[in-house]
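S.K.: Here you go, one structure.
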Amino acid sequence: MTSGGPPSEETRIIRRQPEAAPPPPPDLSEQHTGIIRRQPTGAFPASPEPQTSFIPHAAQPPPPPPQQQSARPQSPVAASATATVSIISGWATAVIATSLISGWWGTDELFCIAIGFLTAVSAAATIGGLISLLLRQRIGRLLIVVGSIVALMIFAGLFVAGADLPDLVYGIPVLPVAAITLALLPATGRWCR
């Protein structure tokens, strides 16, 4: 097959010959563009100032001072107290839930399953919150509060069910309330920053 010639029998491609010659290229001296340029009128005028290679930059503003921490380092006392009370509260909740499940399994299995589920949620939230709090992450405070609220729900379930409980158990809900209070203290919040 030859290019530009008649089509060969093998390919059967029909090509048309151009009817007219392509337009001649435009004259570059008369080409108009959208950019307006001024024709030089002669030699460049002499500058009153001598040329230098130094070009001054605009004055840079001084860099902002680094974020200053407070004058004294944050005390870990509030975070330590929150962690300690949360651990004791979680332990007490697990002991009460285990005792309840083992005592009521023969009579009310569904209630025991619900208490076991709530205990698992409370333990997971409290443990995750403790680790996050000690790593100075803000989410730790929220997780401790959630774990303590679920623990209070467990104790509410015990009281609503009318379980025969020792007198000491009626004081245990103070621990989750104390954990919530300590987690929400501003000092604990400053520790997590």
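S.K.: What number of residues in the stretch 97-113 are over 18 Å from Ala123 (Cα atoms) and among the polar types (S, T, N, Q)?
M.R.: 2
S.K.: Could you figure out which of (1) farther than 18 Å from Ala83 by Cα; (2) modelled with pLDDT of 95 or more isn't true of Trp104?
M.R.: The one condition Trp104 does not meet is (2).
S.K.: Look through the stretch 66-92, keep the residues that are in a loop (DSSP other than H, G, I, E, B) and at pLDDT 70 or above, and return whichever of them is nearest to Val121 (Cα to Cα).
M.R.: Among those that are in a loop (DSSP other than H, G, I, E, B) and at pLDDT 70 or above, it is Pro76.
S.K.: A follow-up question, please. Working carefully through the options Val160, Val145, find the one that is part of a helix (DSSP H, G or I), free of Cβ contacts under 8 Å to residues at least 40 places away in the same chain and farther than 27 Å from Trp105 by Cα.
M.R.: Val145
S.K.: Going through the stretch 149-193 one residue at a time, which ones are within 36 Å of the chain's Cα centre (by Cα) and small (Gly, Ala, Ser)?
M.R.: Those that are within 36 Å of the chain's Cα centre (by Cα) and small (Gly, Ala, Ser): Ala151, Ala156, Gly157, Ala178, Ala179, Ala183, Ala187, Gly189.
Quick grid of which residues meet (1) farther than 16 Å from Ala163 by Cα; (2) within 35 Å of the chain's Cα centre (by Cα):
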{"site": "Val85", "(1), (2)": "yes, yes"}
{"site": "Ile101", "(1), (2)": "no, no"}
{"site": "Trp105", "(1), (2)": "no, no"}
{"site": "Leu110", "(1), (2)": "no, no"}
{"site": "Ala114", "(1), (2)": "no, yes"}
{"site": "Val121", "(1), (2)": "yes, yes"}
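S.K.: Of all residues in the stretch 122-153, count the ones that are among the charged types (D, E, K, R) and surrounded by fewer than 16 Cβ atoms within 10 Å (Cβ to Cβ).
M.R.: Residues in the stretch 122-153 being among the charged types (D, E, K, R) and surrounded by fewer than 16 Cβ atoms within 10 Å (Cβ to Cβ): 2 in total.
S.K.: While we're looking at this one, here's another question. Please state which one of Ile113, Ile96 is exposed (fewer than 13 other Cβ atoms within 10 Å of the Cβ) and of a type in the set (Val, Ile, Thr).
M.R.: The unique qualifying residue is Ile113.
S.K.: Only one of (1) at pLDDT 90 or above; (2) closer than 20 Å to Ile88 by Cβ; (3) not polar (S, T, N, Q) fails for Leu168. Which number is that?
M.R.: Tallying (1) at pLDDT 90 or above; (2) closer than 20 Å to Ile88 by Cβ; (3) not polar (S, T, N, Q), Leu168 fails exactly one: (1).
The values are calculated or read from the model by the stated rules, or taken from the named source; none is laboratory data. Here the structure is a predicted model, which is why all the values come from computation and not from measurement. Heads up, the Cβs are rebuilt from the backbone with ideal geometry, glycines too, and the neighbour counts pull from every protein chain shown.
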